[in-house]
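Reading through the structure tokens given below for one structure.
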Amino acid sequence: MMTETRTDRSLLLAVGEGDRSALHELYNRHAPWLMFRLRRRCSDTGMVEEVVQDTFIAVWRKADTYTGAGEVGAWMWGIAIRRLVDHLRRTRNLEPLREDRSATVVSAEDQVLVGVEFGDLAGAIDRLSPELRAVVQATLVDGLTMKEASQLLGIPTGTVKTRMMRARARLREELA
């Protein structure tokens, strides 16, 4: 007896209609790689697990907001990374104040993530076409190689390189 494997898009549509088994299947399919990638950005395993849970709660609640542009995995990664930034920001605010604040060193990656989320770069990235934005997020923000980005986005590596070149040119114009 053969079972039909549903695509991520069909699963997400089913989740939007309240299908819990579809959410379970998406979780089983995507949670492991989300955990792996988030652990590369945060060493707190408990926080990473909480972020993944929050991500799938958001997927459950907002499945109907997926526009179909790009891969479902890339859409979920966008949710996950924003959740991680939110968690990092909250925990940083709960730390007791130290006398010597100059001794605190914020990682470059955290600074870039906050800048990408709220700075001039965020607006410039948001104004890119969805195709260019997905490539920028996968390569620059998420740190994927061109090959990994092509696999995640479901497009050839050459297309990723071309879109990245176009995105860089547009961002240079916007930020100049």
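Readers should treat all values here as calculations from the given coordinates under stated rules, not as data from a laboratory. As the structure is a computational prediction, the values presented were derived from the model and not from experiment. Positions of Cβ are generated from backbone atoms using ideal geometry, with glycine treated the same way; all protein chains shown enter the neighbour counts.
Miscellaneous remarks
- Karplus 3J(HN,Hα) series, Hz, for the range 51-57 with 6.51 cos²θ - 1.76 cosθ + 1.60 (x for Gly, Pro): 5, 5, 4, 4, 4, 6, 5
- Full extension of the segment from Glu50 to Arg166, taken as 0.36 nm per residue of separation minus the current Cα-Cα distance, would add 38.2 nm.
- On the basis of the beta-carbon distance and an R0 of 45 Å, Thr7 and Ala176 show a calculated FRET efficiency of 0.65.
- Annotation for Arg82 and Glu17: the two label points, set 7 Å from Cα along the Cα-Cβ direction, are 2.6 nm apart.
- For GluC sites (Glu not before Pro), the sites in the range 1-64 that DSSP calls loop and that have at most 13 other Cβ atoms within 10 Å are Glu4, Glu17.
- Cα gyration tensor shape of the range 7-73, rounded if a/c is under 1.5, else prolate or oblate by comparing a/b with b/c: prolate
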